[in-house]
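S.K.: If you scroll down you'll find the structure; I have some questions about it.
Every number in this text was worked out from the coordinates using simple rules, so none of it is lab data. Everything quoted here is computed from the prediction, not taken from an experiment. Note that we place each Cβ from the backbone using ideal geometry, even for glycine, and neighbour counts take in every protein chain shown.
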Amino acid sequence: MSALAARALRKSYDALEVVAGIDLAVAPGECFGLLGPNGAGKTTTLKLCLGLIEPDGGEIELLGQPVPGKAREARARVGVVPQFDNLDPDFTVEENLAVYGRYFGIAPREIAARTPPLLEFAGLTGRGDAKIMTLSGGMKRRLTLARALVNDPQLVFMDEPTTGLDPQARHLIWERLRRLTQEGKTLVLTTHFMEEAERLCHRLAIMDRGRIIAEGSPRSLIARHIEPQVLEVHGPGYESWMERAKALAPRVERVGDTVYCYGNDVDPLLKSISGELGYLHRPASLEDVFLKLTGRDLRD
Amino acid sequence: MRWISVWRRNMLVWRKLIAAAMLSNLADPLIMLFGLGYGLGALLPSVEGMSYIAFFAAGQLCTATMFTASFESMFSGFARMHGQKTWDAILYAPLVIDDIVAGEIVWAASKAWLTGSTILGVAAVFGLASSPWVLLALPAAFLVGLAFSAIGLIMCVLARGWDFFSYYMTLVMTPMMMISGVFFPAEQLPAPLLAVAKALPLYHGVQIVRPLIAGGPPPDLWLHVAVLLAYAAAGYVLAIHFARRRFSS
């Protein structure tokens, strides 16, 4: 049985179909990523799965409960890390956990027992009395994550868990999320950091304009959708070089004043680089898949 | 009864900021009560058989209760809902928007009740209300608080920005305060204005509290109670309706 399953899910706002018929199945214990550019429908999909908004069509089952019909029962065993921190600024770190636990009907004594391990998990041991406004962005994010765990959930939804964090803070969050997966929790996260998805997710779905356009493990997506080698070339004379490159690589793209060449073997291309041309040779990543499938146009 | 956790959250914050909260909710109305009560009272020895300050105490009790309830449900409610996104965080838990609306209304009414009952206590200490009948003004103050909290929360869930509340305050609350028998008997108003006052909740609150302070049972008590209850109930239903609409998009 799936921890989360959605079938033919649809949601429109006015004339705009934000979620346009998607199917999802997340296995228990899996870390599942929902990728997509801004406005792809990721956050709306999460809200639908939580029963916070009603779908126009389709079915959702969250931890065995039909949503939105029994969303309340389902949410009792779910944690949520929203895109923007909404910690209670009037309370301290510890009070935030205590008050939040009460929303789940957890007894004060039980919350008090859970607080030290949660603070340890969040790297906030000794900061229990700190005011929220004194915390750094990374600390707030970790406290939001700890808050989402106060009810010991089986499944945790995370909407862009590391957006806006510096590399140190991001790596700490990643380490904690891996720990959660090892504990057997199911994670569903949205992100537009390909590196994050590649590192954390067992399986992911790429979403664009309300539809899922590709699905699979990060490696299988790269293998299926993109050539393994990438060569980025820029600098004076790149235009004439590009004409020659077209004969040597199966796929050549120009973005601004950079030429992207994709292929199984880019050695002949490398040998053809001369003069003042600059280049970067690297293996293909999920980001290349993402850009190939969703295009390079800005989405604001 | 899940709404209690919402009520409790607000109470815990209030407890932290108690000094500032008490000052604005209690000092203001009491300064007004004694300033106007004794000042004007010197000119007006007796209104409806009461000293002016006792007469005004009943009005001021209801007005201060109205203001506390309205400010809490509108401004503080909007800060929690819109600025801090506290409601969003609560909705991830097994609560629904109806629980939040109920918790917010009862909380604002509780805070308003504290204002009303403190004014009553001060009035009693100063000998303005000495009959046991005044004890009934305690539940009456809660009812007034409930009615204005429910209306205030409608404004809160309809608001797109802070400015929105000025319309309600300037166009509804201030005129209502003038025609509801707070400062002078409403019966001396022109008939059409009196009819408007009778359709509004503040008038009915004053009509309950003033006879109790004077030391007797209020005439038509159940009519006044029914109007206040109707405002509270209708406000609750409408606030839920608009809150659901706001949070479903």
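S.K.: In the calculated pair distance distribution of the range A:151-244, what percentage of Cα-Cα distances lie above 22 Å?
M.R.: Summing the P(r) of the range A:151-244 above 22 Å gives 46 percent of all pairs.
S.K.: Quote the convex hull volume per residue of the range B:73-193, based on C-alpha atoms, as a whole number of Å³.
M.R.: 141 Å³
S.K.: Taking the convex hull of the Cα atoms, report for the range A:212-300 its projected area averaged over all directions, in nm².
M.R.: Result: a mean projected hull area of 6.3 nm².
S.K.: Then there's this: Would you mind getting the Kirkwood hydrodynamic radius of the range B:86-126 from its Cα pairs, rounded to one decimal in Å?
M.R.: 12.1 Å
S.K.: Can you give me the distance in nm between label points at B:L158 and B:S46, each placed 7 Å from the Cα along the Cα-to-Cβ direction?
M.R.: 4.5 nm
S.K.: Please state the charge dipole magnitude for the protein assembly as shown, taken about the Cα centre, from unit charges on C-beta atoms (+1 on K and R, -1 on D and E), reported in debye and rounded to the nearest 20.
M.R.: 800 debye
S.K.: Using all C-alpha to C-alpha distances in the range B:3-247, build P(r) with 5 Å bins and read off the rounded percent in each one.
M.R.: Distribution as computed: 1, 7, 14, 19, 19, 16, 11, 7, 4, 2, 0, 0 percent.
S.K.: Setting aside same-chain residues fewer than 8 positions from A:K185, which lysines have a Cα under 29 Å from its Cα?
M.R.: Hits, sequence-local ones excluded: A:K11, A:K42, A:K47, A:K70, A:K140, B:K85.
S.K.: On to the next question. Taking every DSSP beta bridge that has both residues in chain A, what percent is antiparallel when rounded to the nearest 5?
M.R.: About 70 percent, rounded to the nearest 5.
S.K.: Another question about this same structure. Of A:L62, A:L248, A:L35, which is the most mobile in a GNM of chain A whose springs link Cα atoms less than 10 angstrom apart?
M.R.: Per the Cα network of chain A with a 10 Å cutoff, A:L248 tops the list.
S.K.: Follow-up question, since we're still on this one. If one computes the Cα centroid of the range B:226-249 and of the range B:74-127, what distance in Å separates the two points?
M.R.: 15 Å
S.K.: According to a simple spin-label model (label point 7 Å from Cα along Cα-to-Cβ), what is the distance in nm between B:A226 and A:R296?
M.R.: 7.5 nm
S.K.: Can you give me the C-alpha center-to-center distance between the range B:1-25 and the range A:188-231, rounded to a whole angstrom?
M.R.: For the range B:1-25 versus the range A:188-231, the Cα centre distance is 47 Å.
S.K.: For A:M133 and A:D257, FRET efficiency with R0 = 51 Å and r from the beta-carbon atoms, rounded to 0.05?
M.R.: Between A:D257 and A:M133 the formula returns 0.70.
S.K.: How big is the dipole moment of chain B about its Cα centre under a simple scheme where the beta carbon of each Lys and Arg is +1, that of each Asp and Glu is -1, and everything else is neutral? Debye, nearest 20, please. Mind dumping the intermediate values first?
M.R.: On the way: 14 positive and 10 negative charges, 151 e Å.
The calculation lands at about 720 debye.
S.K.: Under a 10 Å cutoff between Cα atoms, tell me which one of B:A140, B:A19, B:A79 has the largest fluctuation in the Gaussian network model of chain B.
M.R.: For chain B, modelled as a Gaussian network with Cα springs under 10 Å, the answer is B:A19.
S.K.: From the C-alpha gyration tensor of the protein assembly as shown, pull out the three semi-axes of the equivalent ellipsoid (sqrt of 5λ each), sorted largest to smallest, in whole Å.
M.R.: So the three semi-axes of the protein assembly as shown are 62, 23, 21 Å.
S.K.: Name the most mobile residue of A:R141, A:R109, A:R77, meaning the one with the largest mean-square fluctuation, in a Gaussian network model of chain A with Cα contacts below 10 Å.
M.R.: Maximum fluctuation in the GNM of chain A, among the listed residues, is at A:R109.
S.K.: Could you work out the mean count of beta carbons from other protein chains within 10 Å of each residue's beta carbon in B:85-91?
M.R.: Counting other chains' Cβ atoms within 10 Å and averaging over B:85-91 gives 6.
S.K.: In nanometres, what is the gap between the two model label sites at B:T174 and B:R15, each 7 Å from Cα along Cα-to-Cβ?
M.R.: With each label point 7 Å from Cα toward Cβ, the separation is 3.8 nm.
S.K.: Roughly what % antiparallel, to the nearest 5, for the DSSP beta bridges in the protein assembly as shown?
M.R.: If I count the DSSP bridges inside the protein assembly as shown, around 70 percent turn out antiparallel.
S.K.: Can you give the FRET efficiency to the nearest 0.05 for A:Q182 and B:S131, using r as the Cβ-Cβ distance and R₀ = 56 Å? Before the final figure, lay out the partial values.
M.R.: Values: r = 70 Å, r/R0 = 1.26.
In this case the efficiency is close to 0.20.
S.K.: Anything in chain B that counts as a DSSP H helix reaching 30 Å or more along its axis (C-alpha) with Kyte-Doolittle mean of at least 0.5? List them, would you?
M.R.: Values: long enough: B:97-125 (42 Å, 1.13); B:137-158 (32 Å, 2.37); B:221-247 (39 Å, 1.13).
Answer set is B:97-125, B:137-158, B:221-247.
S.K.: If you don't mind, there's one more thing I want to ask. Using bins 10 angstrom wide from zero, how does P(r) for the range B:163-249 break down, in % of all Cα pairs?
M.R.: Per 10 Å bin, starting at zero, the Cα-Cα P(r) for the range B:163-249 comes out as 16, 38, 31, 12, 3, 0 percent.
S.K.: For the range A:4-223, divide the Cα radius of gyration by the Kirkwood radius and give the resulting Rg/Rh value with two decimals.
M.R.: Dividing the radius of gyration by the Kirkwood radius yields 0.97.
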